[in-house]
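What follows draws every value from the coordinates through simple rules; no lab data is involved. Source: prediction; values computed, not measured. A quick note on method: Cβ atoms are made from the backbone with ideal geometry, for glycine too, and the neighbour counts reach across all protein chains shown.
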Amino acid sequence: MRRVVAEHEDWLESPEPRHNLIVELLRQLALLDFQAMYESAGWRTYVALHAPFLSLADGEMRDQVQAALARSEQVRTARVAKAWEQLAGLFGYRLRPELGASFETMATLLSATLHGLVIMALSTLDISTQRIEASPFGATDKDEWSLPAIGLAAIASAFLEPDPAIEWNETQLASVRQALSSWDLPTL
């Protein structure tokens, strides 16, 4: 993220380029998240634990496994929600109020989309390599978009909008630059 912002720091200064920066971050970070999950032996083990859970008979053992899986999902969802809340706040975005949703809701949908794509890519390899030349979500330039990037950016676009309460002036820009230089990126 720091690299992308550093390459386009001048894009922070006005609304359209700032939006392009957000879209570019979504395009690149979604693919990185997908690749990290796709290549993770730990994540494959986690997925493998779901299969036997589905075949467990109702009872105490099934309840315990379900509770453990649910706790794991809740922890991950909370981390993803926190990361998106920080990212949105940093770049002057907010949740669309008409949705009545939370960052946890958004994180749940983002995670489900990413999980589904990774599971599908394990057997359908072109999901991980397919690229579409496009300029979606208000981007002004065409670029290569992966399926994970399109899916995650579509969800982010549905949930987020520029915050009209944020005044983009020199003070705000200095604050964003300072935050980016010292921000400890949350682990997704």
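Multiply the residue gap between Ala70 and Gln86 by 0.36 nm, knock off their C-alpha separation, and tell me the result in nm, one decimal place. Length gained, Ala70 through Gln86: 3.4 nm. GNM on the chain, alpha-carbon springs under 10 angstrom: the most fluctuating residue among Asp163, Asp58, Asp33 is Asp58. With a Förster radius of 41 Å applied to the beta-carbon distance between Asp163 and Ser55, the computed FRET efficiency rounds to 0.30.
Only Lys, Arg, Asp and Glu carry charge here, each on its Cβ (+1 for the first two, -1 for the last two); on that basis the range 2-182 has a dipole of about 520 debye about its Cα centre. Pair-distance distribution P(r) for the range 1-108, from all Cα-Cα distances in 5 Å bins starting at 0: 2, 10, 14, 17, 16, 14, 11, 7, 5, 3, 2, 1 percent. If you run the Gaussian network model on the chain, springs between alpha carbon atoms under 10 Å, then out of Glu170, Glu85, Glu24 the most flexible one is Glu170.
Helices in the chain that qualify as membrane-span-like (whole DSSP H runs, Cα extent of at least 27 Å along the helix axis, mean Kyte-Doolittle hydropathy of -1.0 or higher) are 15-38, 60-90, 103-123. Gain on full extension, evaluated as 0.36 nm per residue between Leu173 and Tyr46 minus their Cα-Cα distance, stands at 41.6 nm. Summing +1 for each Lys or Arg and -1 for each Asp or Glu, what net charge is found among the other residues whose Cβ lies under 13 Å from the Cβ of Ala107? That sum, taken over residues with Cβ under 13 Å, equals -1.
Working ranking of peptides 121-134, 146-159 by packing, defined as the average number of other Cβ atoms within 10 Å per residue, highest first, is 146-159, 121-134. The helix-based estimate of mean residue ellipticity at 222 nm for the chain, built from -39,500 (n - 2.57) per DSSP H run of four or more residues and divided by its residue count, is -22500 deg cm²/dmol to the nearest 500. Taking the fewest neighbouring Cβ atoms within 10 Å as the starting point, the ordered list for Val4, Val176 is Val4, Val176. The residues neighbouring Leu26, those whose beta-carbon lies less than 12 Å from its own, together hold a net charge of -2 under the Lys/Arg +1, Asp/Glu -1 convention.
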